[in-house]
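The values are calculated or read from the model by the stated rules, or taken from the named source; none is laboratory data. None of the values given here were measured: they were computed from a predicted structure. Methodologically, a virtual Cβ is constructed for each residue, glycine included, from the backbone with ideal geometry; neighbour enumeration extends over all protein chains shown. We work out accessible area using only protein heavy atoms, side chains counted, and drop any ligands, DNA or RNA first. Shrake-Rupley method; radii C 1.70, N 1.55, O 1.52, S 1.80 Å.
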Amino acid sequence: MSKLTYKVCWCFRRRFRLTETEPPPDIKELFSRYSENDIMTAEHLQRFMTEVQGDDEVTKAEAEAVLDATIKDLKHVAIFHRKVLNLDAFFRYLLSDSNPPLPFPHKVTHDMDAPLAHYFIYTGHNSYLTGNQISSDCSVVPIIESLKRGVRVIELDMWPNSAKDDIDIVHGGTLTAPVKLNKCLEAIKTYAFVASEYPVILTLEDHLTPDLQAKVAKMVTETFGDVLYCSVSDTMIDFPSPESLKKRIVVSTKPPKEYLDTAKSATEDDEGSMKTKTPSEEDAWGAELAENLEKQMQLDEDHKDEEFQYEEETVKQTMEPKYKQLIAIQAKKLKGGVKDWLHNDPTAAKRISLRETRLEKAIENHATDVIRFTQRNLLRVFPKGSRVDSSNYNPLIGWTHGAQMVAFNMQTHGRSLWLMQGMFRANGGCGYAKKPDFLLGNDPDDKIFDPKNALPVKKTLKVKVYMGDGWHLDFKRTHFDIFSPPDFYVKIGIAGVQADSIMKKTKIIQDDWKPKWEEEFEFPLTVPELALLRVEVHEYDMTEKDDFGGQTCLPVFELRSGIRAVPLHGQKGERYKSVKLLMRFDFV
């Protein structure tokens with residue numbers, strides 16, 4: 001048993017014991033039930049995994065493999081010359097990486113043969129920016145980091161360089177420092193399929209003259225070669241499937257004629273009059289997801305807004321045909337009112353883009369029209385222009401209305417991005433998650449889902465938070481408090497449709513690096529197919545802001561029942577080496 005000493009003043013020291021973690025009472029009881037004479041064999045473990053953990057298909061051989069892996073980690077203990085577990089080893093197994101909350105090993109489990117419109121897709125916004133939207137550098141580094149995390153949609157803004165003879169990737173009209181297109185393409189080629197074999201989609205914002213468009217066509221085709229997917233037709237009734245596009249790069253932008261049209265003055269939302277969260281949103285999401293930036297910026301972002309494009313005076317002629325052939329997914333300019341935007345052309349699938357505020361207005365009276373549109377067509381949602389700090393919005397607004405491409409700034413971290421990361425932990429982390437059937441028009445009564453409708457509870461998720469461990473290994477002794485061990489508590493809740501969204505918290509456990517809460521929570525879910533479990537650990541501070549102690553977000557629709565070791569992540573989404581919570585999940 002080790003001791004920790006904290007200096008309170010020059011003449012006084014406080015000493016705290018760092019004890020070995022003892023299994024919670026539930027774990028002791030389960031071990032007693034599934035063992036004989038305080039020994040658990042592979043047969044016992046298999047029965048436990050089947051009856052408690054819900055792993056119905058686990059074999060004796062798999063149970064033996066788990067047992068062997070646990071023994072290997074504890075080979076210094078004398079008892080483990082035999083292939084059995086004692087209570088301590090069983091407890092360590094439950095807290096190990098061999099017992100995660102999501103399907104393991106990670107693999108694709110969703111049907112990947114449906115059209116692209118049937119999937120949520122991990123989507124980036126301004127993928128080249130290293131920081132804020134106004135003055136940060138443009139670089140290949142954030143593109144590479146996004147691809148390594150599994151992002152499948154990369155956005156590039158193409159502008160002529162100062163000499164008008166090459167292409168810069170830059171946030172136009174700002175002070176951001178550009179990076180060359182060819183460097184971005186090379187980075188994408190190198191890292192596109194490191195995290196996932198499924199297609200990478202390039203959404204291009206084009207502000208180029210015809211000669212530079214021809215240069216882009218040459219650059220793209222030479223860089224990607226046979227990896228580039230080119231459609232054989234200008235239009236397609238349905239988009240191809242992720243499976244058919246494995247290890248392919250797909251270009252999406254507006255076709256030439258869209259750029260030659262002069263748009264009318266934008267009747268865009270007034271970004272200067274930013275409304276605050278409604279009470280209902282505050283209740284559902286908690287104050288921690290309220291807007292953190294309410295600046296009034298008069299930025300000319302019309303070049304960014306795919307809803308309205310202004311064509312440069314120099315673009316007067318037809319685009320280079322080879323450039324047009326690059327476009328496999330055509331993006332359409334919005335014209336007229338909402339009904340016109342959402343018109344479903346049975347002869348051609350298309351993509352449109354909406355600023356987050358425009359989507360919020362559209363769904364006020366046209367929620368079912370939006371969902372019906374996304375059954376065949378792609379909808380991309382992107383941050384409003386006032387998010388100059390590269391903050392993000394609530395992604396559930398888009399997902400619950402069928403939007404496939406909820407575009408996020410990946411360089412700024414926070415709760416919204418944690419939800420994005422949580423959604424795409426599903427399906428083996430491949431960057432594509434199949435939308436639930438009710439968003440795809442598969443209702444037997446031909447009714448369109450509306451997330452605002454009051455629905456009955458479909459299932460209840462019961463969660464028990466037993467304990468936490470690993471902070472003493474991953475953090476310095478004085479990281480949370482220079483005078484004593486940390487005082488941890490857990491915030492836990494659901495992000496989903498408004499009726500399901502809620503946050504709760506445990507009691508505070510004082511002065512303990514290995515806190516035990518032993519608290520249970522119930523979450524009635526009306527739409528579990530769109531629910532994400534939010535988990536955060538904080539360290540209580542009486543005089544200042546509570547310290548951050550870890551977080552994770554997990555797709556409820558893939559949670560494994562039973563007692564699980566839940567690894568926590570840092571604020572930037574990086575997984576901690578040792579920090580975990582021991583939790584139990586049951587569906588009733």
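Just a few scattered comments:
Yes/no per residue for (1) crowded, with 19+ Cβ neighbours inside 10 Å; (2) outside any helix (DSSP H, G or I); (3) aliphatic (A, V, I, L, M):
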{"position": "H110", "(1), (2), (3)": "no, yes, no"}
{"position": "F120", "(1), (2), (3)": "yes, yes, no"}
{"position": "Q133", "(1), (2), (3)": "yes, yes, no"}
{"position": "I143", "(1), (2), (3)": "yes, no, yes"}
{"position": "L147", "(1), (2), (3)": "yes, no, yes"}
{"position": "M158", "(1), (2), (3)": "yes, yes, yes"}
{"position": "K164", "(1), (2), (3)": "no, yes, no"}
{"position": "G173", "(1), (2), (3)": "no, yes, no"}
{"position": "K183", "(1), (2), (3)": "no, no, no"}
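- Selection from the stretch 207-226 of residues that are among the charged types (D, E, K, R) and closer than 14 Å to K322 by Cβ: D211, K215, K218, E222
- Qualifying residue in the stretch 398-410 (condition: in contact (Cβ under 8 Å) with a residue 60 or more places away in the chain and either over 27 Å from P199 (Cα atoms) or surrounded by fewer than 18 Cβ atoms within 10 Å (Cβ to Cβ) (or both)): no
- Among residues of the stretch 60-75 that are of a type in the set (G, A, S), those with a Cβ under 8 angstrom from a residue that is surrounded by fewer than 15 Cβ atoms within 10 Å (Cβ to Cβ) and part of a helix (DSSP H, G or I), sequence gap 6+ or separate chain, pair up as A63/E43.
Residue-wise test of (1) aliphatic (A, V, I, L, M); (2) more than 26 Å from V588 (Cβ to Cβ); (3) at pLDDT 95 or above.
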residue	(1), (2), (3)
V381	yes, yes, yes
P395	no, yes, yes
W399	no, no, yes
T412	no, yes, no
P436	no, no, yes
T460	no, no, yes
K464	no, no, yes
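- Among the residues of this structure, G385 counts as one that is open to solvent by 10 Å² or more (accessible area, probe 1.4 Å) and either modelled with pLDDT under 95 or under 30 Å from F104 (Cα atoms) (or both).
- Subset of the stretch 546-560 [assigned to a strand (DSSP E or B) and not charged (D, E, K, R)]: F548, G549, G550, Q551, T552, C553, L554, P555
- The C-beta contact set for the stretch 368-394 (first residue at positive phi, second residue buried (at least 22 other Cβ atoms within 10 Å of the Cβ) and part of a loop (DSSP other than H, G, I, E, B), distance under 7 angstrom, 6+ apart or interchain) comprises S390/Q133; S390/N409; S390/Q411.
- Inclusion of E520 among residues that are over 22 Å from the mean Cα position of the chain (by Cα), closer than 27 Å to V58 by Cβ and of a type in the set (D, E) is warranted.
- Of all residues making up the stretch 466-485, the number that are in contact with an Asp or Glu (Cβ under 7 Å, 6 or more places away or on another chain) and buried (at least 24 other Cβ atoms within 10 Å of the Cβ): 1
- Single condition R152 does not satisfy, out of (1) over 30 Å from I371 (Cα atoms); (2) charged (D, E, K, R); (3) crowded, with 24+ Cβ neighbours inside 10 Å: (1)
- Identity of the residue in the stretch 501-514, in contact (Cβ under 8 Å) with a residue 24 or more places away in the chain and under 24 Å from the mean Cα position of the chain (by Cα), that ends up most open to solvent (accessible area, probe 1.4 Å): I502
- Subset of the stretch 545-588 (residues that are open to solvent by 10 Å² or more (accessible area, probe 1.4 Å), in contact with a helix residue (DSSP H, G or I) (Cβ under 8 Å, 6 or more places away or on another chain) and of a type in the set (S, T, N, Q)): S578
- Which listed residue, of V251, V179, is among the β-branched types (V, I, T), under 21 Å from V140 (Cβ atoms) and open to solvent by 10 Å² or more (accessible area, probe 1.4 Å): V179
- Check on V232, under 15 Å from K324 (Cβ atoms) and out of contact with any Ser or Thr (no Cβ under 6 Å at 6 or more places or on another chain): yes
- Among residues of the stretch 536-552, those that are within 14 Å of the chain's Cα centre (by Cα) and under 19 Å from E522 (Cβ atoms), counted: 0
- Filtering the stretch 511-526 to residues that are in a loop (DSSP other than H, G, I, E, B) and either within 18 Å of D541 (Cα to Cα) or acidic (D, E) (or both) leaves D511, D512, W513, K514, P515.
- Per the listing Q53, Q46, the residue uniquely of a type in the set (S, T, N, Q) and crowded, with 20+ Cβ neighbours inside 10 Å is Q46.
- Of residues in the stretch 320-343 being open to solvent by less than 60 Å² (accessible area, probe 1.4 Å) and either touching a Gly at 6+ places or on another chain (Cβ under 9 Å) or not hydrophobic (A, V, I, L, M, F, W, C) (or both), the one farthest from T209 (Cα to Cα): G337
- F90 being open to solvent by less than 30 Å² (accessible area, probe 1.4 Å), more than 26 Å from A217 (Cα to Cα) and either in a loop (DSSP other than H, G, I, E, B) or of a type outside the set (D, E) (or both): yes
- Number of the condition not met by R534 [criteria: (1) crowded, with 16+ Cβ neighbours inside 10 Å; (2) out of contact with any Cys (no Cβ under 9 Å at 6 or more places or on another chain); (3) part of a strand (DSSP E or B)]: (2)
- Among all positions in the stretch 288-296, there is at least one residue which is of a type in the set (A, V, I, L, M), at pLDDT below 85 and surrounded by fewer than 18 Cβ atoms within 10 Å (Cβ to Cβ).
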